[in-house]
Amino acid sequence: MIPCSILDLAPVTEGSDIATAFANSLDLARHAERLGYRRYWLAEHHNMPGIASAATAVLIGHIAGGTSTIRVGAGGIMLPNHAPLQVAEQFGTLASLYPGRIDLGLGRAPGTDQPTARALRRYFDSADAFPQDVAELLRFFAPAQPGQPVRAVPGAGIEVPVWLLGSSLFSARLAAAMGLPFAFASHFAPGALDEALAVYRREFRPSPHLQRPLAMLGLNVVAADSEAVARRLFTTQQQSFVRLRRGRPGLIPPPIDDIEAFWSPAEKAMVEQALACAVVGDPRQVEEGVRAFVARHRPDELILTANIFEHGARLHSFALAAAACGLAPAA
């Protein structure tokens, strides 16, 4: 099998709070480290009551400080919300504190709704400058040159692997043109997956950052001791998607017995399309599902996500997923 990682949103569940969400994320990261996962990434979202990873760089520092070997990073930082210099300084700081363990994934979406995007981008109108911002950020990570008027301190000359994230051909082409690794958001927007991978691999140009294409794909994996239990756990994710589309995002809901009574036929079709890249079931089904996904798309890495209400069930799901993926537990 191939390297596997975890994408976390620091979920805040109904009846719980943000402090507990942060404690659970650190516990899951330590669990992932023991199980042999390669990376533990956190994603930037704003104005979402059920997602506590808005201050992504701060939370990455918390997770990296509480673990010892697993790579910790952003999957991702929504670059239009930030000045490239500030991102370079933040991740230069993290990479100085935790050498060889920090990743920086970049997205061009706001990670929120339009009113919140306007609150974040007080002096910025759109994501049209994303390619220029990525190039500027990479320059800040390069060794500082004599006479350079603005430097990232820390940041300049510090190695921080930069990934481009996306769910479209735009990011695939940009990652290929810049010679950067590419992570596709197939866990919630799989529509352009096959075409984006083909474009990235076909158009990739080697760079000082990367000599050959490196593609990581997102995959929802919910594993339990039985298929029935796993299907019920998965209803948490399904409800969250429906609530978001209804314009009523909230805390992460508990699973329910009858998902069919919860959504309309149109909502069901929408969720099934968005979550088409999902493997749900018992250990055998999960192993078969992951192997089939890898055989079809040939990713270089997988990044797994599981929006499960109960923390113990989430830990167990990722343990079963690790076994299904053939990961080697840490010594």
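In whole Å, what is the distance between the alpha-carbon centres of the range 202-229 and the range 238-292? Centre-to-centre distance over Cα atoms comes out at 20 Å. Helix 311-324 and the long axis of the chain differ in direction by around 80°, with both axes built from C-alpha atoms. Taking 269, 224, 172 as the candidate residues, the one with maximal mean-square fluctuation in a Gaussian network model of the chain, Cα springs under 10 Å, is 269. What the Cα convex hull of the range 1-47 gives, in volume per residue, is 88 Å³. Relative to the longest principal axis of the Cα atoms of the chain, the long axis of helix 227-245 makes an angle of roughly 60 degrees. Using the Cα coordinates of the range 4-324, the gyration tensor eigenvalues translate into equivalent-ellipsoid semi-axes of 31, 21, 20 Å, sorted from longest to shortest. Bridge orientation summary for the range 4-324: considering DSSP beta bridges with both residues in this region, about 5 percent are antiparallel. The ellipsoid equivalent to the alpha-carbon distribution of the range 1-144 has semi-axes of 25, 21, 12 angstrom, derived from the gyration tensor eigenvalues as √(5λ) and listed largest first. Reported to the nearest whole Å, the Cα centre-to-centre distance from the range 151-194 to the range 10-76 is 20.
Please determine, in degrees from 0 to 90 and to the nearest 10, the orientation of helix 18-35 with respect to the longest principal axis defined by the Cα atoms of the chain, where the helix direction is its Cα long axis. Between the helix axis and the principal axis of the chain, the angle is about 90 degrees.
Taking θ as phi - 60° and the Karplus parameters 6.51, -1.76 and 1.60, the scalar couplings of the range 193-210 work out to 4, 4, 5, 5, 4, 4, 4, 4, 5, 6, 9, 4, 10, x, 9, x, 7, 7 Hz in sequence order, x denoting glycine and proline. Applied to the range 49-59, the Karplus parametrisation 6.51 cos²θ - 1.76 cosθ + 1.60 on θ = phi - 60° returns per-residue 3J(HN,Hα) values of x, x, 10, 9, 9, 5, 8, 4, 5, 5, 5 Hz, with x for Gly and Pro. Contact order, relative form, for the chain: 20 percent (alpha carbon pairs under 8 Å, 6 or more residues apart, mean separation divided by residue count). Reported value for the range 175-268: 149 Å³ per residue, from the convex hull of its C-alpha atoms. The length gained on full extension between residue 288 and residue 2, counted as 0.36 nm times the residue separation minus their Cα-Cα distance, comes to 101.5 nm.
Bear in mind that the values in this text are calculations on the coordinates, not laboratory data. No experiment lies behind these values; they were computed from the predicted model shown.
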